Amino acid sequence: MENEVLLRMTGICKQFPGVKALQNVEFTLRRGEIHALMGENGAGKSTLIKVLTGVYPKDAGKIILDGKEIAIHSPSQAQNQGISTVYQEITLCPNLTVAENIYIGRDKTAIVPWKKFNHDADELLKSLSIPARAKQLLGSCSLAVQQMVAIARAVDMQCKVLILDEPTSSLDDHEVEMLFSLMRRLKQEGVGIIFVTHFLDQVYAVSDRITVLRNGELVGEYKTENLPMLDLVSKMMGKELENLSNISVGHDKRATVERPAFYQAEDLASKETNPFSFHADEGEVTGFTGLLGSGRSECVRAIFGADKVSGGKVRVHGKSVKITRPKQAMKNGIGYLPEDRKRDGIIADLSVRDNIILASQVMQGFFKPYSRAEAEAFADEYIKALQIKTASQDTPVGSLSGGNQQKVILARWLLTHPQYLILDEPTRGIDIGTKTEIQRLVLKLAEEGMTVTFISSEIEEMLRTCSRLIVMRDKHVVGELTGEQLNQSEIMRTIAGGEEQ
């Protein structure tokens, strides 16, 4: 029965030192339902999921599955109860086959029946319309297919509750629709799906109900069709949302003002991208845009020297310079916030303070370490300036929410007082409120004269912040848009039919 309650969490409380992460939270999942769990970073979504899957013990409350109260003390216990999670970062083994990833650890006999497993895996993949083969290496599959294989593993283990934690953040539109088709199929088969995402359009495209958390408390549960998007955002933030169009301060006007170039590249190339020419002017926000894999991130990595540069000429303030390594870029006043904050940005086990001072300390030299008092003063300044939510400077940065981790990396580069700041996906996977803060900060820095290059997968965000867009396709620059050309249809037209430059 579609409206039958499958999972009920009541009175859930969880406290960490100095932080009440969950306070009497209620959550209900029905059989055959896709239920979006929404809230800003730090609202309690991840904590609630970790309580449900046995990563964290709850301090109070009940978990009732299929009408029976259950105790979950570990992820394996959760899985045995029929609760499976597929995370944003793939947790399978890319060097193993699809079948091995589906069945690994599930047969304790001396001789593993791989012939049977391969046959069963092919049948399972076929039944779920997943475009993969049992004997295919998982690493040869796209990220979307790898996500779907993780879901197939959960389905084969008779999962009743499937938790999808930011599954679409690295997927293009076609891959997202593939994943949504699989979710709808599982919904029809009676699986209850908890969908965690920051993409509001996707919530309305696929979910039946929405539960909103804020500051560790339940705001409410709503039918998706009865909750307009603006109301959803207001409930997440706890206030009426300002029209985001108001944060733009006239980028069309800024584009017409002639400014001296801070950075110029001619036929710059790396092992990851084809030669391109580019300039970024003082007080200007430029952007690289294009479809996933178009080469936008590879271009800024070449600018910063993060990828091996294979050719081209570079000028900073009109003077020829050599930038083949990040430290050379830093010495020329360039900072870079990378696309993958977990892999290339934060050092999770170090404190917030140590992460903030890292780049500045590199520039000063490790034989001239900052004193404890200096480091604390720097950290305190930027924690306050960027409103970083942390219990203390000593908190490991890996324990912060994604949005606050991003602010820590921003603080790291602002502490170096860069003249040119490159931000690659600075708002990916963070809440709408923090996104707005970062967009405002970008425009403020440009107004103060800083040169900024901004990359985002969300075209609307690029249009709000950038005065000039470099359009990429297949690792080539295919267009440059300014002024009245800065609209979504022109960007898509350029991507589809632009001439290589």
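The values are calculated or read from the model by the stated rules, or taken from the named source; none is laboratory data. It should be emphasised that the depicted structure is a prediction, and the values quoted were computed from it without experimental measurement. Here the Cβ positions follow ideal geometry from the backbone for every residue, glycine too, while neighbour counts run over all protein chains shown.
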* Structure fact -> Checked region 96-127 for anything at pLDDT 90 or above and polar (S, T, N, Q); matches are Thr97, Asn118
* Structure fact -> Those residues of region 444-464 which are buried (at least 20 other Cβ atoms within 10 Å of the Cβ) and more than 19 Å from the chain's Cα centre (by Cα) amount to Ala446, Met450, Thr451, Val452, Leu463, Arg464
* Tally, over region 14-35, of residues that are out of contact with any Lys or Arg (no Cβ under 7 Å at 6 or more places or on another chain) and closer than 21 Å to Thr85 by Cα -> 6
* In region 1-50, how many are over 22 Å from the mean Cα position of the chain (by Cα) and not acidic (Asp, Glu)? -> 28
* Hey, can you tell me all the residues within region 212-240 that are farther than 17 Å from Phe195 by Cα and surrounded by 20 or more Cβ atoms within 10 Å (Cβ to Cβ)? => Gly216, Lys235
* **Those residues of region 307-328 which are assigned to a loop (DSSP other than H, G, I, E, B) and either surrounded by 15 or more Cβ atoms within 10 Å (Cβ to Cβ) or free of Cβ contacts under 8 Å to residues at least 40 places away in the same chain (or both), in sequence order** => Asp307, Lys308, Lys322, Ile323, Thr324, Arg325
* Tally the residues that are in contact with a Phe, Trp or Tyr (Cβ under 6 Å, 6 or more places away or on another chain) and among the hydrophobic types (A, V, I, L, M, F, W, C), restricting the search to region 443-465. => 1
* Structure fact -> Of the conditions (1) touching an Asp or Glu at 6+ places or on another chain (Cβ under 6 Å); (2) crowded, with 18+ Cβ neighbours inside 10 Å; (3) under 23 Å from Pro17 (Cα atoms), the single one that Asp424 does not satisfy is (3)
* Return yes or no: is Arg133 in a loop (DSSP other than H, G, I, E, B), in the same structural domain as Lys50 (by TED's automatic domain parsing) and modelled with pLDDT of 85 or more? => yes
* Asked: Is there a residue being aliphatic (A, V, I, L, M), within 30 Å of Phe378 (Cα to Cα) and modelled with pLDDT under 85 anywhere in region 486-501?
  -> no
* Asked: Restricting attention to region 411-428, does a residue exist that is more than 20 Å from Met330 (Cα to Cα), among the small types (Gly, Ala, Ser) and within 24 Å of the chain's Cα centre (by Cα)?
  -> no
* To do: Output the residue which, of all residues in region 136-169 that are of a type in the set (A, V, I, L, M, F, W, C) and not in a helix (DSSP H, G or I), is modelled with the lowest pLDDT.
  => Met157
* Structure fact -> Looking across region 140-178 at residues that are charged (D, E, K, R) and touching a residue at least 24 places away in the same chain (Cβ under 8 Å), the single one that is surrounded by the most Cβ atoms within 10 Å (Cβ to Cβ) is Arg153
